[in-house]
Amino acid sequence: MHSASDKYLQAAALCCFAAALAHLGCIIFGGDWYRFFGAGEQMARMAEQGLWYPTIVTSIIVLLLLVWALYGLSGAGVIKRLPLTKLALIVIASIFLIRGVSFVGLMPMFPENSLTFWLISSGICLFIGGLFALGSWQQWSVLGVENA
């Protein structure tokens, strides 16, 4: 039985699915999409040259986001409980929240990414991390101890 509290994890999962689709679009549509989403001119040029690096990096991100979406749905009770759901939800929320607040330290490592990219992507990460955190907190007792 779903409660109103599982809506946060469902929303987090939906956001992860949407982010995975956007990243998949970069792989399919190439340089212009990498540029639009602020991945930097170097990634865009490598994609246009047919180099594998952008595809590999972006594919890993797509797969990670899809797994995280499934854990969100698992925590929400929409799909069968996945192994270590509680731990996974804590880790996922933490990664999104840390990524959201650590952009200032990350910016020098990716100098081609625009300030707009960092502000928007960090805001999105904080939002999704907040959904995972709030949903996990509200579902904590429902998730049970076997998944701790």
List, in order, the whole-Hz ³J(HN,Hα) value for each residue of the range 9-15 obtained from phi through the Karplus relation with A = 6.51, B = -1.76, C = 1.60 and θ = phi - 60°; use x for Gly and Pro. 5, 5, 5, 4, 4, 4, 4
Dimensionless Rg/Rh of the chain - Kirkwood Rh, Rg from C-alpha atoms: 1.03
For every other residue with a beta carbon closer than 15 angstrom to the beta carbon of A133, add +1 if it is Lys or Arg and -1 if Asp or Glu, then tell me the sum. +2
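Throughout, read-outs are computed from the coordinates displayed, never taken from laboratory work. In this text, all values refer to a predicted model and were calculated from it rather than measured experimentally. Here Cβ is always computed from backbone atoms with ideal geometry, including for glycine, and neighbour counts include all displayed protein chains.
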